[in-house]
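What follows is a single structure, written as structure tokens, with notes after it.
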Amino acid sequence: MSGSRKSGSGDTLVDVVVVGAGFAGLSAAERLVSTGRSVVVLEGRDRVGGRSLSGEVAGVKVDLGATWVARRHTAIRDLASRVGCTTTDQFAQGRNVLWMAGRRRTYSGTIPKVSPATLVDMARMQTAVNKLVATIDVNAPWETPGAGRLDAISFGEWLDRKNALPNTRALMTIVSKVQWGCTPGDVSLLHVLRYIRAAGGLNHMLDVEGGANQDRFVETTQEIAKRVAERLGERVRLETPVRRITQDDEGVTVHTDSGRLRAGYAIVTAAPAHRAAIAFDPALPEQAEGLTRTWRMGVLSKAFVAYEKPFWRADGCSGEAVTDTGTVFITFDVSPGPGGPGVLMAFCDPRVFDGFDPETRRDLVVQQLVDLYGPQARIPIDYLDHCWGSEPFAPGGPHPAAGPHTTVSYGKALTEPHGRVHWAGTETAGEWAGTMNGAVLTGQRTAERVLTLLSQDVQEGASR
Ligand SMILES: Cc1cc2nc3c(=O)[nH]c(=O)nc-3n(C[C@H](O)[C@H](O)[C@H](O)COP(=O)(O)OP(=O)(O)OC[C@H]3O[C@@H](n4cnc5c(N)ncnc54)[C@H](O)[C@@H]3O)c2cc1C
């Protein structure tokens with residue numbers, strides 16, 4: 001039962017319309033429904049989960065989108081355990097592979113085996129980043145002291161100004177590609193610092209043990225979303241893109257291709273760039289409109305290559321590799337266990353991946369795995385990839401690649417309600433922005449705010 005009703009003109013009547021069935025939208029709906037409110041969740045795609053998507057390679061379930069969860073990500077962990085999903089450690093035993101400037105080396109721990117000069121330089125840059133990160137106002141980065149200065153340059157320009165050595169720069173480029181789906185020159189320094197602060201610091205953001213990459217979900221992350229959506233039942237409507245939201249003093253009207261819904265409030269969880277696909281009447285104010293124009297999504301692609309066994313483990317390798325050459329720039333071992341199949345997950349650079357046909361993409365990835373792990377990598381038993389920049393609806397991810405000036409100019413509009421339209425979604429989070437955990441928290445918080453407003457509306461109506 002959705003609890004929705006029909007108006008005389010055929011519009012569906014509910015308390016709240018939620019736009020988007022990712023973790024933010026589903027969490028908002030779950031909270032609203034738990035208080036007895038009527039809700040409809042409208043999702044443009046033919047699936048729930050948003051930037052979480054399951055795939056299968058050699059019979060093993062894998063995460064084509066969001067994967068890891070930190071111990072401190074308690075909101076998504078709670079949600080997962082409520083629907084019976086469990087975690088497993090990210091495998092990290094053995095030596096990691098580093099392929100830099102055409103040379104293969106192996107190392108243990110988080111710090112790659114590089115020259116002493118590079119190690120000193122990396123430590124210097126890490127200290128410089130940490131010093132700036134400590135100044136960031138995570139809830140309102142645009143109000144950080146010196147925000148204008150930090151937002152005026154790209155991360156790449158800052159690395160230049162700091163005279164980062166080539167290897168340090170190469171490693172920072174890899175971090176930028178995997179975190180923001182772009183090169184350091186494309187993203188504002190303030191945006192980078194905000195995300196590092198929100199992620200609990202640079203070490204927490206990058207580490208496996210004790211960090212953001214500590215655990216994976218056995219059932220996959222999309223399975224969590226599917227189970228939450230199952231509980232919401234017919235309240236969730238797929239393949240229903242929201243085209244237009246109009247509003248007046250009494251409520252909002254949400255327009256889709258298949259009809260209209262009338263509600264007290266709308267909670268929109270689309271990423272900032274995707275808000276642009278919705279026509280708002282009254283129109284968004286300049287700052288909110290600027291946000292949708294300038295916070296374009298970064299892009300990232302992932303490939304999974306399956307083998308009979310995780311053969312790299314027998315060679316003493318963890319399956320974790322970092323490389324500055326070619327299409328693949330990071331790999332991880334996501335095998336279900338030691339017995340096989342062995343599965344390597346590879347992050348791929350969309351610029352030298354997405355445009356190729358599937359067979360070429362596979363060849364590019366497999367060849368690089370041969371370079372990293374030896375000739376046994378030449379004979380996979382299965383392969384799967386996903387290009388987030390080529391998604392037909394709401395493309396891009398993992399995060400916006402917000403360029404210089406865009407946080408100070410438009411960041412405030414991330415969360416500022418537009419009348420009866422309220423915003424949620426991981427980009428609107430303070431702490432844990434960019435993660436599934438952040439998405440869940442924003443959904444729950446925005447639902448709370450809207451619940452308060454719905455109660456106030458009732459009180460005001462009664463006193464009139
Ligand atoms: C490759 C990749 C790797 C990642 N790795 C991790 C990780 O390891 N750990 C982690 O915590 N996070 C990771 N993330 C980020 C994580 O996926 C997101 O932070 C989180 O899923 C965002 O949830 P959300 O609900 O805020 O937004 P989304 O998941 O983007 O959901 C928004 C939904 O709104 C829908 N929508 C948009 N516009 C409309 C419209 N007009 N009408 C109807 N529906 C609309 C979209 O289709 C989408 O389903 C990764 C993401 C990617 C892409």
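Rolling a 1.4 Å probe over the protein heavy atoms of segment 225-310, with every protein chain left in place, gives an accessible area that is 45 percent carbon and sulfur. Using 13 Å as the cut-off for backbone N distance, which residues of segment 336-353 belong to the label zone defined by a point 7 Å from the Cα of V218 along Cα→Cβ? Only 336-337 fall inside the zone, counting backbone N under 13 Å. Between E359 and R244, the modelled label-to-label distance comes to 4.7 nm, taking each label 7 Å out from Cα in the direction of the beta carbon. Highest-first packing order for the peptide set 336-349, 128-141 is 336-349, 128-141, based on the mean count of other beta carbon atoms within 10 Å. Normalised by the number of residues in the chain, the mean separation of alpha-carbon contacts (under 8 Å, six or more apart) gives a relative contact order of 25 percent. Using the charge dipole of segment 115-206 (Lys, Arg: +1 at Cβ; Asp, Glu: -1 at Cβ; taken about the Cα centre), state which of P116, T135, G185 has its Cα farthest towards the positive end. Most positive-ward Cα: P116.
Taken about its Cα centre, segment 115-206 carries a charge dipole of roughly 200 debye when the Cβ of each Lys and Arg holds +1 and the Cβ of each Asp and Glu holds -1.
3J(HN,Hα) along segment 266-279, derived from phi through the Karplus expression 6.51 cos²θ - 1.76 cosθ + 1.60 where θ = phi - 60°, amounts to 10, 10, 9, 10, 4, 4, x, 5, 7, 4, 5, 7, 9, 8 Hz, with x in place of Gly and Pro. In segment 310-453, a dipole from Cβ-located charges (positive for Lys and Arg, negative for Asp and Glu) runs towards its positive end, and of G403, L369, A314 it is G403 whose Cα lies farthest in that direction. Over the residues of the chain, the helix contribution to mean residue ellipticity at 222 nm works out to -10500 deg cm²/dmol, using -39500 (n - 2.57) for each DSSP H run of at least 4. Can you send over the carbon and sulfur percentage of the accessible area for segment 1-80, probe radius 1.4 Å, protein chains only? Of all accessible area on segment 1-80, carbon and sulfur atoms account for 47 percent.
Would you mind checking segment 202-222 for residues with the amide N under 12 Å from a putative spin-label position 7 Å along Cα→C-beta of T86? Output list for this probe position: 218-219. Separation of segment 60-125 and segment 212-232, taken as the distance between their Cα centroids, equals 19 angstrom. Taking all protein chains into account, the per residue accessible area for segment 115-206 stands at 39 Å² (1.4 Å probe).
In terms of the mean number of neighbouring beta-carbon atoms within 10 Å, the peptides 448-456, 50-58 order highest first as 50-58, 448-456. Protection proxy ranking of 147-157, 290-300, by the mean of other Cβ atoms within 10 Å over each peptide's residues and highest first, is 290-300, 147-157. The relative contact order of segment 115-206, computed from alpha carbon pairs under 8 Å that lie at least 6 residues apart in sequence, is 38 percent. List the residues, sorted by chain then number, that are 5 or more residues from L300 or on another chain and whose placed amide H is less than 5 Å from its amide H. Placed amide hydrogens put W388, G389, G397 under 5 Å from L300. In summary, the lysines within cross-link reach of K302, defined as a Cα separation below 22 angstrom excluding same-chain residues under 8 places away, comprise K61, K177, K226.
Within the accessible area of segment 327-382, the carbon and sulfur atoms contribute 57%, probe 1.4 Å, all protein chains present.
Find which of G59, F353, T323 sits farthest along the positive direction of the dipole of the chain, computed with +1 on the beta-carbon of Lys and Arg, -1 on that of Asp and Glu, about the Cα centre. Value computed over the given set: T323. Placing +1 on the Cβ of every Lys and Arg and -1 on the Cβ of every Asp and Glu, with no other charges, gives the chain a dipole of roughly 560 debye about its Cα centre. Within the chain, antiparallel bridges make up roughly 65 percent of the DSSP beta bridges whose residues both belong there.
The values are calculated or read from the model by the stated rules, or taken from the named source; none is laboratory data. On a predicted model such as this, the values are computed, not experimentally measured, just so you know. Heads up, the Cβs are rebuilt from the backbone with ideal geometry, glycines too, and the neighbour counts pull from every protein chain shown. Quick note on the areas: whole protein, heavy atoms, side chains included, nothing else; ligands and nucleic acids left out. Shrake-Rupley method; radii C 1.70, N 1.55, O 1.52, S 1.80 Å.
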